[in-house]
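The structure appears below as structure tokens.
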Amino acid sequence: MLLTPDPADEEFPSSLRALESSVSRPALPSVPHERARLLLLGAFALSGLLAFSWLARIPGVRDLLSLSAADLGGILLIGSIGALATVVSSSALLARFGSARVFAAGTVIIAVGFVLMGLGPALGSRWLFGVGILVNGVGGSLVAVPMNVESTRVERAYGRSVIPHFHAAFSAGAVAGSILGAGAASVGLPVVAQFAAFSVGVAVLRLAALSAGMVLPGRPQAPSGPPEKASRSAMSVWTEPRTILIGLVAFAATLGEGAANNWLALAVVDRFGTTEAFGGIALGVFIGAMTIVRLAGTRAIDRLGRVASLQLSLVAGLLGLAAFGLAPHPAVALVGAALWGAGAALCFPIAVAAVSDDHRGAQARVSVITSMGSIAVLTAAPLVGVAAEALGGAQQALLVVLIPLAAALFAARWVAPSLTRVADPAEILADVPETVPAS
């Protein structure tokens with residue numbers, strides 16, 4: 001979204017409001033960016049389906065490998081380290097090789113990682129499972145960063161808030177993945193069979209689209225200089241105060257979402273003695289609420305502004321997480337999970353949109369936001385694992401996430417539209433994504 005006036009930003013000059021209205025909705029050909037949007041929606045949905053089809057099986061994987069909560073948190077930490085190391089360098093990789101090639105490489109790496117993750121529990125090998133988690137973390141970053149970068153380009157082409165729709169597609173895929181994972185657990189499908197089938201199937205769909213020329217929108221960008229110069233330019237955004245503060249919002253939001261993804265199903269199973277399938281359903285409720293709010297939330301963002309939308313989201317997330325963590329009955333836990341998911345829905349999409357106001361350097365800034373998210377994921381798994389050991393269960397341990405979510409409220413005002421630069425309409429048109437062959 002390009003400089004959409006925010007009601008919370010009382011100092012937004014009226015002249016800039018008028019100028020924003022004249023440049024934020026350029027007359028663009030409808031077919032190219034609509035096709036780009038649909039392709040990107042599919043990419044986000046496939047990522048959600050694959051990721052959550054395995055997260056729903058965490059209780060079974062834990063039992064097959066005889067892992068304690070701390071052991072599981074430590075192994076998940078391995079994947080987060082791999083993801084973080086990759087995502088920090090992703091901006092330079094995108095500038096050098098382009099979104100399509102990076103996305104293709106990540107697709108293949110993820111498939112390999114998932115196969116190893118399935119073989120580990122089947123063979124009783126924690127080491128093999130850990131390697132699979134590491135490989136999957138690397139591949140996941142190579143897929144996630146290009147998708148988020150391209151989502152900002154598509155939003156600029158539309159001139160209104162659409163980024164939450166992409167994350168809604170991810171959430172919809174996640175709901176499907178959770179249901180499929182729960183179904184696989186209920187019929188006793190071995191973890192190795194599920195992981196192999198899902199990962200290969202998703203990889204085939206992605207690579208088939210690439211070979212047919214139906215790739216993620218966006219042209220590979222030729223580096224502006226030597227690789228060392230591109231890397232230095234990409235890293236300079238880490239010194240921008242506004243970018244870092246918005247990154248802190250993304251960190252808190254992703255920490256809560258990551259904690260739920262990794263521990264919510266296990267918390268329900270352990271606390272209430274339910275089946276693994278019911279734990280998968282509880283995770284599906286969390287993701288389902290996120291999906292609904294992300295689909296409807298674009299209107300709220302455009303009407304209320306980013307700041308108010310983010311503050312309302314964080315308050316809802318705080319209330320929902322508290323209800324879940326203190327729930328005495330499975331039904332109460334489900335209600336809390338739904339409210340928690342609704343509150344978490346818009347936080348990360350708003351952060352991505354906020355750092356993309358100035359399209360110059362948006363790619364590097366989105367990489368910063370994704371990096372902060374990866375740090376949060378890295379922190380979530382061991383943090384909740386250690387807390388679960390100390391507090392006697394994952395349900396109570398999840399309450400520690402209340403602290404960073406509350407802190408994010410103090411940084412929420414920084415997502416207001418940046419007034420540092422108003423883009424020229426010709427520059428917006430020049431940056432409109434195109435669908436290009438992978439070759």
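The values are calculated or read from the model by the stated rules, or taken from the named source; none is laboratory data. Please read all numbers here as calculations on a predicted model, not as lab measurements. Backbone-built Cβ (ideal geometry, glycine too); neighbour counts: all protein chains shown.
Points worth noting:
- Exactly one residue among 349, 382 is under 13 Å from residue 255 (Cβ atoms) and not aliphatic (A, V, I, L, M), and that residue is 382.
- The residue of the stretch 210-233 that is modelled with the highest pLDDT, among those that are surrounded by fewer than 21 Cβ atoms within 10 Å (Cβ to Cβ) and within 24 Å of the chain's Cα centre (by Cα), is 210.
- From the options 186, 236, 178, residue that is buried (at least 16 other Cβ atoms within 10 Å of the Cβ) and either more than 30 Å from residue 318 (Cβ to Cβ) or modelled with pLDDT under 90 (or both): 178
- For the stretch 268-299, filtering for residues that are of a type in the set (A, V, I, L, M), touching a residue at least 12 places away in the same chain (Cβ under 8 Å) and either in contact with a Phe, Trp or Tyr (Cβ under 6 Å, 6 or more places away or on another chain) or under 30 Å from residue 411 (Cα atoms) (or both) leaves 8.
- Whichever residue in the stretch 53-70 is of a type in the set (D, E, K, R) and in contact (Cβ under 8 Å) with a residue 12 or more places away in the chain and, among such residues, is nearest to residue 173 (Cα to Cα): 57
- Residue check for residue 308: of a type outside the set (D, E, K, R), more than 24 Å from residue 57 (Cα to Cα) and in contact with a helix residue (DSSP H, G or I) (Cβ under 9 Å, 6 or more places away or on another chain): yes
- Matching residues, the stretch 286-330, being of a type in the set (Val, Ile, Thr) and under 18 Å from the mean Cα position of the chain (by Cα): 287, 291, 292, 293, 298
- The condition (being surrounded by fewer than 17 Cβ atoms within 10 Å (Cβ to Cβ), β-branched (Val, Ile, Thr), modelled with pLDDT of 80 or more and in a helix (DSSP H, G or I)) is satisfied by just one residue among 200, 192: 200.
- Flag if residue 375 is crowded, with 24+ Cβ neighbours inside 10 Å and on the phi < 0 side of the Ramachandran plot: no
- Number of the exception - residue 385 against (1) farther than 26 Å from residue 40 by Cβ; (2) surrounded by 18 or more Cβ atoms within 10 Å (Cβ to Cβ); (3) modelled with pLDDT of 85 or more: (3)
- Taking every residue in the stretch 104-129 that is more than 16 Å from residue 202 (Cα to Cα) and pairing it with any residue that is among the basic types (Lys, Arg) and in a helix (DSSP H, G or I), at least 6 positions away or on another chain, the pairs with Cβ-Cβ distances below 8 Å are 120/126.
- Within the stretch 89-117, the set of residues being over 30 Å from residue 194 (Cβ atoms) and not charged (D, E, K, R) comprises 89, 91, 92, 93, 94, 95, 97, 98.
- Single residue of 137, 159, 201, 188 found to be in contact with a helix residue (DSSP H, G or I) (Cβ under 8 Å, 6 or more places away or on another chain) and not charged (D, E, K, R): 137
- Considering (1) among the aliphatic types (A, V, I, L, M); (2) more than 20 Å from residue 363 (Cβ to Cβ); (3) crowded, with 24+ Cβ neighbours inside 10 Å; (4) at pLDDT below 85, the lone condition that residue 117 does not fulfil carries the number (4).
- The stretch 343-414 holds helices (runs of 4 or more DSSP H) entirely within its bounds, and those carrying 3 or more residues that are over 14 Å from the mean Cα position of the chain (by Cα) and aliphatic (A, V, I, L, M) map to 362-391, 402-411.
- Hits in the stretch 325-348 (condition: surrounded by 21 or more Cβ atoms within 10 Å (Cβ to Cβ) and closer than 14 Å to residue 278 by Cβ): 333, 337
- The residues of the stretch 402-419 that are under 21 Å from residue 144 (Cβ atoms) and of a type in the set (A, V, I, L, M), listed by number, are 408, 415.
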